[in-house]
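Step one of this worksheet: look at the structure below.
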């Protein structure tokens, strides 16, 4: 299928982009990599009259440390995240996650900001955004706005980004060297989206008890979410197989589990429990004891 007709804009500056957004309002869409928007346009599920391509703004790309945190430009590609040496040293969870997104063609073109804004319930990055307590930095003609990941994902393909805003930066805390990480997913065989995807960060105390736990889950509900009950059950407990199994039983607790033709609700919930247990175990194996 072919998309409807639209006017194509390539702004040379953020000021110009914001003026276009203000001028055209709901009739405009910002494009980053285009791997989410273009298919919707071809299926006529999205028909913007104005398409704003931000690809000529290098300031919106790249990975850096600022004020003790990692900042990733919203238009940074999945491949750049996957291969970043800075992330490999300071936040390796994201390298591993980006490496299992779709296929090389998508990773070379798709962007982290596009994924976060599209808010597909089966996308990979939202799980890490939740686990890491990410912050989204948005800009409009009215100024800057920061939105926490816990307030960002509102529903199926619905984020907190306002119609006149552009996501510019994703801000993340750096991972301590004593914190183990894992991103495990069961991919849909055709789309490579997550049937279940789990991002886990586990810290270990000198006595082998769990010092910290952060677990983000995607693919299971209408949005990515934190498995807070699992986290609470882990902290202060020995990181044994029995303790991990007991905690992971609550992985889907409080989530409106979404089934589909291939995966009924009960099976999806069980897959969630299994994948959470495996991700915790892998992250725990990678964690090191903190000094006493």
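The values are calculated or read from the model by the stated rules, or taken from the named source; none is laboratory data. Note that the coordinates shown come from a computational prediction; the quantities given were computed from them, not determined experimentally. Please note: Cβ atoms are built from the backbone with ideal geometry, for glycine as well, and neighbour counts cover all protein chains shown.
Remarks
- The residues in the stretch 237-263 that are assigned to a loop (DSSP other than H, G, I, E, B), out of contact with any helix residue (DSSP H, G or I) (no Cβ under 6 Å at 6 or more places or on another chain), modelled with pLDDT of 95 or more and over 23 Å from residue 128 (Cα atoms) can be counted, and the count is 1.
- When residue 105 is tested against the conditions (1) under 16 Å from residue 192 (Cα atoms); (2) at pLDDT 95 or above; (3) out of contact with any helix residue (DSSP H, G or I) (no Cβ under 8 Å at 6 or more places or on another chain), the lone failure is (2).
- Strands (runs of 3 or more DSSP E) fully within the stretch 99-207 counting 2 or more residues that are out of contact with any strand residue (DSSP E or B) (no Cβ under 8 Å at 6 or more places or on another chain) and touching a residue at least 40 places away in the same chain (Cβ under 8 Å): 153-155
- Enumeration of residues in the stretch 25-40 that are buried (at least 18 other Cβ atoms within 10 Å of the Cβ) and in contact with a strand residue (DSSP E or B) (Cβ under 8 Å, 6 or more places away or on another chain): 28, 29, 30, 31, 32, 33, 37
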